Each structure stands twice: as structure tokens, then as C-alpha cells.
1. Residue under question is residue 49, and the condition is that it be over 14 Å from the mean Cα position of the chain (by Cα) and either charged (D, E, K, R) or at pLDDT 85 or above (or both); does it hold?
2. Going residue by residue through segment 118-128, is there one that turns out to be surrounded by 11 or more Cβ atoms within 10 Å (Cβ to Cβ), part of a loop (DSSP other than H, G, I, E, B) and more than 15 Å from the chain's Cα centre (by Cα)?
Amino acid sequence: MWTFIKRIFTWWNGATFGTLLQVRRKGEKIGADEYGNVYYQERGDKGYEGRQRRWVVYKGYADASRVPAEWHGWLHHMYDTPPTDEAGFADHDWIQEHRPNMTGTVYAYKPKGSLDRGGARAKVAGDYEAWSPEG
């Protein structure tokens with residue numbers, strides 16, 4: 001019951017009830033990624049400025065960094081064919097496994113000198129020195 005109520009009123013835990021109705025009315029399911037996100041395209045031949053709209057319904061928390069690179073390219077019309085088609089996306093050996101944005105978590109990158117690591121770092125030649133009127 002709680003999941004149903006969250007679906008009606010919150011957008012950050014997947015699609016709301018209204019969004020799901022709109023998707024059912026105007027969208028055509030294209031595919032899903034390994035994270036459970038589902039990708040849609042507007043039905044029909046014409047959309048905004050002659051291109052069909054494309055969108056994603058996230059599984060769980062809505063975070064754009066959870067969209068893999070190949071689906072990002074399809075969403076932004078960089079590829080005409082979706083990654084579900086074998087010929088649509090060439091898999092390269094240099095492509096790394098997708099990692100979501102870790103900012104704000106305990107796994108966030110914290111370089112030397114960041115406040116979370118004590119705020120002290122070694123001085124380097126290119127560091128800024130403030131002007132002082134004394135000389």
C-alpha cells in the first residue's frame with residue numbers, strides 16, 4: 001500500500017501515476033537497460049521539430065547519471081537505432097562499465113585538500129597569493 005501511495009505523490013521513486021498514464025497514452029516502449037530503466041519513444045512519425053520525443057522511466061531513484069552511455073546517445077538523438085538492436089550500437093573495448101554519480105555519498109571522490117580530508121595540501125608553484133597593501 002505504501003508503495004502505491006509513493007507512486008502517486010513522488011517523482012523521485014520511479015514514475016508517478018500521472019506519468020505512467022501519459023506514457024501509456026503517447027509512448028511506445030523501445031527497451032530497457034541492465035539497471036531496470038525503461039526507454040520510450042513517442043508514437044507516430046512526427047514529433048517536436050520533426051523528431052520523436054524520447055524519454056526514460058527510471059527504476060527507483062530518478063538520477064540522470066544512471067543512464068548508460070549507449071542509451072544516453074539514443075535519448076539525445078545521437079543514434080537513430082536503439083541499443084537493443086544489435087547493429088545499433090558498436091561495443092568497444094575501451095568502454096567502461098557504467099557507474100552512477102557518487103556525489104553526496106560516502107563513495108564520492110575527495111581529492112587532497114578537500115574539507116572532508118582535513119583541508120590541508122602541499123603548496124604548489126601555481127597557487128594564488130592574495131595581494132596585500134603593505135607591499
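The values are calculated or read from the model by the stated rules, or taken from the named source; none is laboratory data. Since we're looking at a predicted model, the values are computed, not measured. No Cβ is skipped: glycine too gets one built from the backbone with ideal geometry, and neighbour counts run over all protein chains shown.
1. On the way: over 14 Å from the mean Cα position of the chain (by Cα): yes; either charged (D, E, K, R) or at pLDDT 85 or above (or both): yes.
Yes: the conditions hold for residue 49.
2. yes
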